[in-house]
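The values are calculated or read from the model by the stated rules, or taken from the named source; none is laboratory data. What you see is a predicted model; the values in this text were computed from it and never measured. A quick note on method: Cβ atoms are made from the backbone with ideal geometry, for glycine too, and the neighbour counts reach across all protein chains shown. To get the accessible areas, we keep the full protein, side chains included, count just its heavy atoms, and leave off ligands, DNA and RNA. Shrake-Rupley method; radii C 1.70, N 1.55, O 1.52, S 1.80 Å.
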Amino acid sequence: MADSWHHPAALTTTGAWFSDWSYTWEPKGRNHGGFHFKGDLIDRKPEDGHNVYVQAKVEGYSWNRFNGTQKKTVHLDKTVYDGAAQYTSTADIRVCRDRGSLRPDNCSYLKSYQR
(Lines give C-alpha, C1' and ligand atoms only; values in the text may rest on other atoms or scores of the structure.)
Protein backbone atom coordinates (compact mmCIF):
# COMPACT_ATOMS: atom_id res chain seq x y z
CA MET A 1 0.00 0.00 0.00
CA ALA A 2 1.27 3.47 -0.86
CA ASP A 3 2.14 6.03 1.75
CA SER A 4 -0.61 8.61 2.23
CA TRP A 5 -0.70 11.71 0.06
CA HIS A 6 0.95 14.81 1.52
CA HIS A 7 -0.16 18.33 0.55
CA PRO A 8 2.67 20.85 1.00
CA ALA A 9 2.46 24.56 0.20
CA ALA A 10 2.70 25.70 -3.42
CA LEU A 11 6.14 25.96 -5.00
CA THR A 12 6.55 29.48 -6.39
CA THR A 13 9.07 31.66 -8.19
CA THR A 14 8.70 34.73 -10.38
CA GLY A 15 6.43 33.72 -13.26
CA ALA A 16 5.89 30.09 -12.23
CA TRP A 17 3.67 28.33 -9.70
CA PHE A 18 3.19 24.64 -8.90
CA SER A 19 -0.06 24.69 -6.95
CA ASP A 20 -2.52 22.27 -5.40
CA TRP A 21 0.23 19.70 -5.55
CA SER A 22 0.71 16.59 -3.49
CA TYR A 23 3.14 13.71 -3.24
CA THR A 24 3.34 10.16 -1.97
CA TRP A 25 5.97 7.44 -1.80
CA GLU A 26 5.03 4.40 -3.84
CA PRO A 27 5.56 1.05 -2.11
CA LYS A 28 8.31 -1.35 -3.13
CA GLY A 29 7.22 -3.13 -6.29
CA ARG A 30 4.86 -0.44 -7.58
CA ASN A 31 6.14 2.36 -9.81
CA HIS A 32 9.65 1.34 -8.73
CA GLY A 33 8.94 2.57 -5.19
CA GLY A 34 9.26 6.10 -6.52
CA PHE A 35 8.43 9.64 -5.53
CA HIS A 36 4.98 10.24 -7.04
CA PHE A 37 3.74 13.82 -7.35
CA LYS A 38 0.88 15.61 -9.05
CA GLY A 39 -0.37 19.17 -9.28
CA ASP A 40 -1.00 22.17 -11.50
CA LEU A 41 1.93 23.93 -13.18
CA ILE A 42 0.90 27.52 -13.93
CA ASP A 43 2.54 30.17 -16.11
CA ARG A 44 1.98 33.20 -13.86
CA LYS A 45 3.43 35.74 -16.33
CA PRO A 46 1.92 34.78 -19.67
CA GLU A 47 3.02 38.05 -21.26
CA ASP A 48 6.77 37.43 -20.72
CA GLY A 49 7.12 34.73 -23.42
CA HIS A 50 8.90 32.27 -21.10
CA ASN A 51 7.96 28.67 -20.41
CA VAL A 52 7.76 27.07 -16.95
CA TYR A 53 8.77 23.64 -15.71
CA VAL A 54 9.04 21.40 -12.66
CA GLN A 55 12.28 19.59 -11.84
CA ALA A 56 12.40 16.54 -9.61
CA LYS A 57 15.14 14.07 -8.77
CA VAL A 58 15.84 11.18 -6.45
CA GLU A 59 19.05 10.44 -4.60
CA GLY A 60 22.03 9.87 -6.86
CA TYR A 61 20.32 10.84 -10.11
CA SER A 62 20.10 13.92 -12.32
CA TRP A 63 17.12 16.23 -12.55
CA ASN A 64 14.02 15.16 -14.49
CA ARG A 65 12.36 18.09 -16.24
CA PHE A 66 8.59 18.26 -16.79
CA ASN A 67 7.63 21.18 -19.04
CA GLY A 68 4.52 23.28 -18.84
CA THR A 69 2.96 25.28 -21.66
CA GLN A 70 3.28 29.04 -22.12
CA LYS A 71 0.16 30.99 -21.13
CA LYS A 72 -1.57 27.86 -19.74
CA THR A 73 -2.02 25.65 -16.73
CA VAL A 74 -0.82 22.06 -17.15
CA HIS A 75 -1.70 19.21 -14.79
CA LEU A 76 1.28 16.95 -14.01
CA ASP A 77 1.09 13.43 -12.58
CA LYS A 78 4.62 11.96 -12.52
CA THR A 79 6.73 9.39 -10.71
CA VAL A 80 10.50 9.78 -10.31
CA TYR A 81 12.50 6.72 -9.23
CA ASP A 82 15.82 4.90 -9.07
CA GLY A 83 15.54 2.02 -11.54
CA ALA A 84 18.26 0.04 -9.76
CA ALA A 85 16.64 0.10 -6.33
CA GLN A 86 13.52 -1.41 -4.79
CA TYR A 87 12.38 1.98 -3.57
CA THR A 88 13.53 5.58 -3.32
CA SER A 89 14.10 7.19 0.05
CA THR A 90 14.86 10.85 -0.75
CA ALA A 91 13.63 13.27 -3.41
CA ASP A 92 14.04 16.94 -4.33
CA ILE A 93 11.61 19.12 -6.26
CA ARG A 94 11.38 22.73 -7.48
CA VAL A 95 9.51 24.89 -10.01
CA CYS A 96 11.35 27.10 -12.50
CA ARG A 97 10.84 29.68 -15.23
CA ASP A 98 12.89 29.11 -18.39
CA ARG A 99 14.35 32.49 -19.30
CA GLY A 100 16.20 31.35 -22.44
CA SER A 101 19.86 30.74 -23.16
CA LEU A 102 21.16 34.24 -22.36
CA ARG A 103 19.77 34.58 -18.85
CA PRO A 104 19.72 32.04 -16.03
CA ASP A 105 16.40 30.39 -15.16
CA ASN A 106 14.84 31.41 -11.89
CA CYS A 107 13.72 28.57 -9.62
CA SER A 108 11.91 28.21 -6.32
CA TYR A 109 13.72 27.12 -3.21
CA LEU A 110 14.58 23.44 -3.35
CA LYS A 111 12.26 21.25 -1.30
CA SER A 112 13.56 17.90 -0.09
CA TYR A 113 11.48 15.01 1.17
CA GLN A 114 12.32 11.69 2.81
CA ARG A 115 10.36 8.48 2.93
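Would you check which residues across segment 83-109 are in a loop (DSSP other than H, G, I, E, B) and either in contact with a strand residue (DSSP E or B) (Cβ under 9 Å, 6 or more places away or on another chain) or closer than 14 Å to PHE18 by Cβ (or both) and list them?
Taking segment 83-109 as the starting set, the residues that turn out to be in a loop (DSSP other than H, G, I, E, B) are 83-89, 99-105, 108-109.
Result: ALA85, TYR87, THR88, SER89, ARG99, ASP105, SER108, TYR109.
To keep it simple, each residue is scored yes or no on (1) touching a Gly at 6+ places or on another chain (Cβ under 6 Å); (2) more than 22 Å from SER4 (Cα to Cα); (3) surrounded by 15 or more Cβ atoms within 10 Å (Cβ to Cβ).
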{"site": "HIS36", "(1), (2), (3)": "no, no, yes"}
{"site": "ASP40", "(1), (2), (3)": "no, no, yes"}
{"site": "ASN64", "(1), (2), (3)": "no, yes, yes"}
{"site": "ASN67", "(1), (2), (3)": "no, yes, no"}
{"site": "LYS72", "(1), (2), (3)": "no, yes, no"}
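Any residue that is within 15 Å of ASP98 (Cβ to Cβ), under 13 Å from the mean Cα position of the chain (by Cα) and in a loop (DSSP other than H, G, I, E, B) - is there at least one of those in segment 62-82?
Yes, some residue in segment 62-82 is within 15 Å of ASP98 (Cβ to Cβ), under 13 Å from the mean Cα position of the chain (by Cα) and in a loop (DSSP other than H, G, I, E, B).
When both residues are 6+ apart or on different chains and their Cβ atoms are under 7 Å apart, which pairs have a first residue that lies in segment 70-91 and is of a type in the set (A, V, I, L, M), and a second that is assigned to a loop (DSSP other than H, G, I, E, B)?
From residues that are of a type in the set (A, V, I, L, M), the pairs are VAL74/GLY68; VAL80/GLY34.
Against the conditions (1) surrounded by 15 or more Cβ atoms within 10 Å (Cβ to Cβ); (2) more than 15 Å from the chain's Cα centre (by Cα), where does LYS28 fall short? Just the number, please.
All conditions are met except number (1).
Give segment 101-115 a look and list any residue that's under 30 Å from TRP5 (Cα atoms) and open to solvent by 100 Å² or more (accessible area, probe 1.4 Å), or say none. Talk me through it step by step, then tell me what you get.
Of the residues in segment 101-115, the ones under 30 Å from TRP5 (Cα atoms) are 105-115.
Passing the criteria: TYR109, GLN114, ARG115.
Collect the residues in segment 94-108 that are of a type outside the set (D, E, K, R) and in contact (Cβ under 8 Å) with a residue 60 or more places away in the chain, keeping them in residue-number order. Quick ask: steps written out before the conclusion?
Step one: filter segment 94-108 for residues of a type outside the set (D, E, K, R), giving 95-96, 100-102, 104, 106-108.
Passing the criteria: VAL95, CYS96, ASN106, CYS107, SER108.
List the number of the failed condition for VAL52; all other conditions in (1) under 28 Å from PRO27 (Cα atoms); (2) at pLDDT 95 or above hold.
All conditions are met except number (1).
For ASP82, which of the numbered conditions (1) farther than 24 Å from TRP5 by Cα; (2) open to solvent by less than 40 Å² (accessible area, probe 1.4 Å); (3) at pLDDT below 95 fails to hold?
Unmet condition: (1).
Of all residues in segment 44-61, which are of a type outside the set (Lys, Arg) and not in a loop (DSSP other than H, G, I, E, B)?
Looking only at segment 44-61, we keep the residues that are of a type outside the set (Lys, Arg), and these are 46-56, 58-61.
PRO46, GLU47, ASP48, ASN51, VAL52, TYR53, VAL54, GLN55, ALA56, VAL58, listed by residue number.
Taking segment 1-25 as the search range and keeping residues that are assigned to a loop (DSSP other than H, G, I, E, B) and at pLDDT 90 or above, which one is least open to solvent (accessible area, probe 1.4 Å)?
Filtering segment 1-25 down to residues assigned to a loop (DSSP other than H, G, I, E, B) leaves 1-5, 7-10, 14-15.
Right, trim to at pLDDT 90 or above and you get 4-5, 7-10, 14-15.
On the way: SER4: 70, TRP5: 91, HIS7: 141, PRO8: 37, ALA9: 79, ALA10: 44, THR14: 74, GLY15: 5 Å².
The residue in question is GLY15.
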